[in-house]
Amino acid sequence: MAEIFVVGHRNPDNDAIMSASVLADLKNKLDGDNHYKAVRLGPLPAESELVFTEFGVEAPELIDHVDEGQKIILTDHNELGQAVAGIDKAEVVEIVDHHRIADVSTAAPITFINLPLGSTCSIITKIFDYYGIEIEKDAAARLLAAVLTDTVILKSPTATEEDRTIVERLSAIVGVDPVEFGMKLFKSRGGDDDVTVEEICSRDSKEFNFGGKKVWIAQYETVDLEGLRSRTAEIAAQVEKVQADGGYDAALMLLTDIIQEGSDFIGAGDIKFIEDAFGISFAEGPVWMPGVLSRKKQVAAKLIEFTS
Ligand SMILES: [Mn+2]
């Protein structure tokens, strides 16, 4: 019996955590010959902790690398820059993701499920259906929580009709109102005043390769951007530090207000291509981008297009 790790991306968000957690459980039901273990590559987001506690589920174990030959299933990513240390010597046996197809490659054919849905957990809901497995309450809660945070309670342009149907269905199993449940998850992150600039810039950061440029893009979601703006200079200095220390060509911070539905962009480094791609200028400091909620669909996709 092999032990197979199920792992989301580095700097895990709620979808990375929950997709690994629920997929490992499902795999253990489907395949008695192997043992699937959910693991994570960073701290648990507050909302994940809340769901694990409330529904009595054990959180994935923290790891910092995988050993040579370790079999792994990737969830919520297929980009080497976002994957576990040691992946080059590991064996990727399956991928379930909702991002662009990037640069993970394998020696043998594998199951690779990628769908343009609002969250990886929406895809996992469909995998339950594919195998005709009933979704129990604790699994439904984990899946629902991830769909709601990944789609900003279905407000993000990444949310599809299918995500809406899935949210309705999972909410009924859990017995909650999805908007109330979603707000509770976002509020569990606490007020911005208690959060250091280091955390604002690292809580949800990802590394991308855009036409040979190594680019860091972080996103911090708030319900009170106005309050956060008093710390703009401090945050901008931290973005510059990350860009310099991390050896990034450019760094872009998105401070996203989920109520006002838009983001402040703060850039550092070689930002000319970002300015050109969006038709903006950072000369006067941060730029408010109304309607921008999705790093993937409205920011990364645009920069990939612009640099290719
Ligand atoms: Mn996701």
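In the set (1) in a loop (DSSP other than H, G, I, E, B); (2) away from the ligand (no atom under 16 Å from the Cβ), residue 44 fails one condition alone, (2). Considering the range 112-132, the residues that are assigned to a helix (DSSP H, G or I) and within 16 Å of residue 160 (Cα to Cα) include one that is nearest to the ligand (Cβ to nearest atom), namely 120. Of all positions in the range 118-131, at least one carries a residue that is under 20 Å from residue 31 (Cα atoms) and either of a type in the set (Lys, Arg) or touching a Gly at 6+ places or on another chain (Cβ under 9 Å) (or both). The criterion of being crowded, with 17+ Cβ neighbours inside 10 Å, within 14 Å of the ligand (Cβ to nearest atom) and either modelled with pLDDT of 95 or more or assigned to a helix (DSSP H, G or I) (or both) does not hold for residue 170. For the range 199-222, the criterion of being over 18 Å from residue 16 (Cα atoms), among the hydroxyl-bearing types (Ser, Thr, Tyr) and touching a strand residue (DSSP E or B) at 6+ places or on another chain (Cβ under 7 Å) is met by at least one residue. The residues of the range 173-197 that are surrounded by 14 or more Cβ atoms within 10 Å (Cβ to Cβ), assigned to a loop (DSSP other than H, G, I, E, B) and at pLDDT below 95, listed by number, are 188, 189, 195. Considering 266, 235, 274, the condition of being in contact (Cβ under 8 Å) with a residue 12 or more places away in the chain, farther than 24 Å from residue 191 by Cβ and open to solvent by less than 60 Å² (accessible area, probe 1.4 Å) is satisfied by 274 alone.
Restricting attention to the range 91-111 and to residues that are assigned to a strand (DSSP E or B) and more than 16 Å from the ligand (Cβ to nearest atom), the residue that is surrounded by the most Cβ atoms within 10 Å (Cβ to Cβ) turns out to be 92.
Inspection of the range 34-47 identifies no residue that is surrounded by fewer than 21 Cβ atoms within 10 Å (Cβ to Cβ) and of a type in the set (Asp, Glu). Taking residues in the range 287-308 that are under 22 Å from residue 235 (Cα atoms) and modelled with pLDDT of 95 or more, and partners anywhere that are of a type in the set (Ser, Thr, Tyr) and open to solvent by 50 Å² or more (accessible area, probe 1.4 Å), the pairs with Cβ atoms closer than 8 Å and at least 6 places apart or on different chains are 287/281. Considering only residues in the range 202-226 that are farther than 21 Å from residue 80 by Cα and in a helix (DSSP H, G or I), the one that is least open to solvent (accessible area, probe 1.4 Å) turns out to be 225. Somewhere in the range 57-69, is a residue closer than 26 Å to residue 160 by Cα and surrounded by 14 or more Cβ atoms within 10 Å (Cβ to Cβ)? No, that holds for no residue. Quick test of your reading of the structure: residue 135 fulfils all but one of (1) aliphatic (A, V, I, L, M); (2) more than 16 Å from the ligand (Cβ to nearest atom); (3) closer than 29 Å to residue 81 by Cα. Name the failing condition by number. Unmet condition: (3).
The values are calculated or read from the model by the stated rules, or taken from the named source; none is laboratory data. These figures come from a predicted structure and were not determined experimentally. So basically every Cβ, Gly included, is an ideal-geometry build from the backbone, and we count neighbours across all protein chains shown. We work out accessible area using only protein heavy atoms, side chains counted, and drop any ligands, DNA or RNA first. Shrake-Rupley method; radii C 1.70, N 1.55, O 1.52, S 1.80 Å.
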